[in-house]
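One structure below.
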Amino acid sequence: MRVRIPLVLVMAGLAIAGCGNSNPNEAKPPSATSVAVTTAVQATSDQHEAVKVGADSDGKDVSLAVGQGLIVTLDANPTTGYAWVVGDLDQNVVKQNGSPEYEQDPSPSGMVGVGGKSILNFVAVAPGSTKLGLEYKRSWEQGVEPAKRFTLNLTVH
């Protein structure tokens, strides 16, 4: 129930924020609702900071609290056609939160095809255990083993 109340407050705040005057540049005084929503979100995020892992965590056990985020950052280079995709995951325990993001590494002027980092976000939604299995593969290649694999054993309490 602890996760639902802040979520309801956030949703109510978003609904109220969408009902305003037609001038988006006009400053609006903070309402009691917006202050309550901001406070609830800050309290929730301060309580359980997201767990951040990288390639060095492959095969490890990770413990999360319900509502806590998990950020997985792995080397990637989309110019090769490869991408990290979720292979194994019980979405009743942990869900992927949005689409993967990509951050390119700095590159010398004029250089193309430089790699970077793929960032995948997840959130713990219910107590239980699940394996997170990620595969680095090309979407059009069927019946081909992934170039890389990454796994975590997740426990949500």
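Somewhere in the stretch 58-65, is a residue touching a helix residue (DSSP H, G or I) at 6+ places or on another chain (Cβ under 7 Å) and either of a type in the set (A, V, I, L, M) or over 15 Å from Leu120 (Cβ atoms) (or both)?
Within the stretch 58-65, not a single residue is touching a helix residue (DSSP H, G or I) at 6+ places or on another chain (Cβ under 7 Å) and either of a type in the set (A, V, I, L, M) or over 15 Å from Leu120 (Cβ atoms) (or both).
How many residues, within the stretch 91-135, are among the hydroxyl-bearing types (Ser, Thr, Tyr) and under 16 Å from Val53 (Cα atoms)? Spell out how you get there, then give the answer.
From the stretch 91-135, those among the hydroxyl-bearing types (Ser, Thr, Tyr) are 99, 102, 107, 109, 118, 129-130; that's our starting set.
Keeping just the survivors that are under 16 Å from Val53 (Cα atoms) gives 102, 118.
Total meeting the criteria: 2.
I need a count of the residues in the stretch 76-103 that are farther than 30 Å from His157 by Cβ, surrounded by 13 or more Cβ atoms within 10 Å (Cβ to Cβ) and under 18 Å from the mean Cα position of the chain (by Cα).
Matching residues across the stretch 76-103 total 3.
Just a yes or no: is a residue in the stretch 22-43 at pLDDT 90 or above, part of a helix (DSSP H, G or I) and small (Gly, Ala, Ser)?
The initial filter retains those residues of the stretch 22-43 that are at pLDDT 90 or above, namely none.
Checked the stretch 22-43: no residue is at pLDDT 90 or above, part of a helix (DSSP H, G or I) and small (Gly, Ala, Ser).
For the stretch 120-150, what are the residues that are closer than 17 Å to Thr79 by Cβ and not acidic (Asp, Glu)?
Within the stretch 120-150, Tyr136, Lys137, Arg138, Ser139, Trp140, Ala147, Lys148 meet the criteria.
Return the pair list, or none, for Cβ contacts closer than 9 Å from residues in the stretch 84-99 that are under 17 Å from Leu74 (Cα atoms) to residues that are exposed (fewer than 13 other Cβ atoms within 10 Å of the Cβ), at least 6 apart or on different chains.
Qualifying pairs under 9 Å: Val85/Ser139.
Which of (1) open to solvent by less than 30 Å² (accessible area, probe 1.4 Å); (2) of a type outside the set (Lys, Arg); (3) farther than 22 Å from His157 by Cα does Thr73 not meet, given it meets every other one?
Looking at each condition in turn, Thr73 falls short on (1).
The values are calculated or read from the model by the stated rules, or taken from the named source; none is laboratory data. Here the structure is a predicted model, which means the values were calculated and not measured. For neighbour counting, all protein chains shown are included, and Cβ atoms are generated from backbone atoms with ideal geometry for every residue, glycine included. Heads up: the accessible areas ignore ligands, DNA and RNA and are worked out on the full protein's heavy atoms, side chains in. Shrake-Rupley method; radii C 1.70, N 1.55, O 1.52, S 1.80 Å.
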